[in-house]
Amino acid sequence: MSEYSYIPCSERVGPHIQEKTWIISADLGQANDYTAISIIQRIVTGYGVLGADKRGEKQLLLRHIERIRDVPYPEIVDRIKTLYKKPALQGEKAVVIDFTGLGRPVFDMMEKAGFHHSICGVNITGGTGVTYQKRHYNVPKRELVSTLQIQLQNGVFRIAKGLKEANALIEEMANFQTTITAAGNDTYNGRSGVHDDIVMSVAMGVWLGSRNSIRHWGNDKSM
């Protein structure tokens with residue numbers, strides 16, 4: 001994984017680290033589409049007295065991106081498992097996959113592969129509110145995209161220096177656009193001919209990492 005160009009915390013926050021955890025996020029492609037996998041390190045610093053959640057200041061550091069194509073889903077599960085077990089990813093982890101479409105059977109494959117405590121799904125919807133049921137979230141696409149944009153703008157989300165596929169992520173973000181439908185609803189999609197697999201993988205990880213509490217931290221050691 002790429003080396004991150006670390007920016008020290010401000011004097012106001014202090015150097016104390018409360019939490020260091022990892023989020024592996026996969027946007028699953030269908031047929032000939034790309035599957036994108038990203039890894040975000042979530043760090044919470046401070047002394048538990050800062051911020052709305054009284055837990056300090058969050059940092060979400062994008063450490064790894066990869067995209068694969070024309071690969072069967074069992075091999076994708078094996079790849080996520082390999083990343084999960086890397087020695088560099090010490091401590092608790094969360095794994096989030098796109099639960100939309102073919103996500104449910106892949107989720108079942110991952111449970112059979114040994115992911116029990118750390119896995120959750122995100123069903124990307126066109127609605128307006130977030131709900132949770134049976135180990136997966138229903139999240140509007142607008143919330144995923146806007147959370148990524150906000151956390152990038154306010155400096156909470158940062159990208160590792162020299163990260164492979166970083167330029168593809170930036171290009172996808174630049175090409176993302178809002179469309180207003182005839183019914184007056186807003187939709188978020190990449191422009192025609194431009195992929196959005198990387199940006200959606202990263203957006204799901206950033207969205208999960210931005211939450212005050214995450215239901216499925218764990219360390220599945222039985223794999």
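Each reported figure results from applying straightforward, stated rules to the coordinates on display, with no laboratory input. It should be emphasised that the depicted structure is a prediction, and the values quoted were computed from it without experimental measurement.
In this structure, the pairs whose alpha-carbon distance is over 21 Å, taken from Lys58/Lys164; Lys85/Lys134; Lys20/Lys161, are Lys58/Lys164; Lys85/Lys134.
Under 17 Å of direct C-alpha separation, and excluding same-chain neighbours fewer than eight residues apart, Lys93 reaches these aspartates and glutamates: Glu19, Asp78, Glu111, Asp220. With the convex hull of the Cα atoms taken as the outline of the range 50-123, the averaged projected area works out to 6.5 nm². Residues whose amide H falls under 5 Å from that of His64, counting only those 5 or more places apart or on a different chain, are Ile39, with hydrogens built in the peptide plane.
Residue-wise HN-Hα couplings along the range 115-121, as the Karplus relation 6.51 cos²θ - 1.76 cosθ + 1.60 with θ = phi - 60° gives them from phi, are 7, 10, 9, 10, 9, 8, x Hz; Gly and Pro carry x.
In this structure the amide hydrogen of Gln18, modeled in the peptide plane, comes within under 5 Å of the amide hydrogens of Val44, Thr45, Gly46, none closer than 5 places in sequence on its chain.
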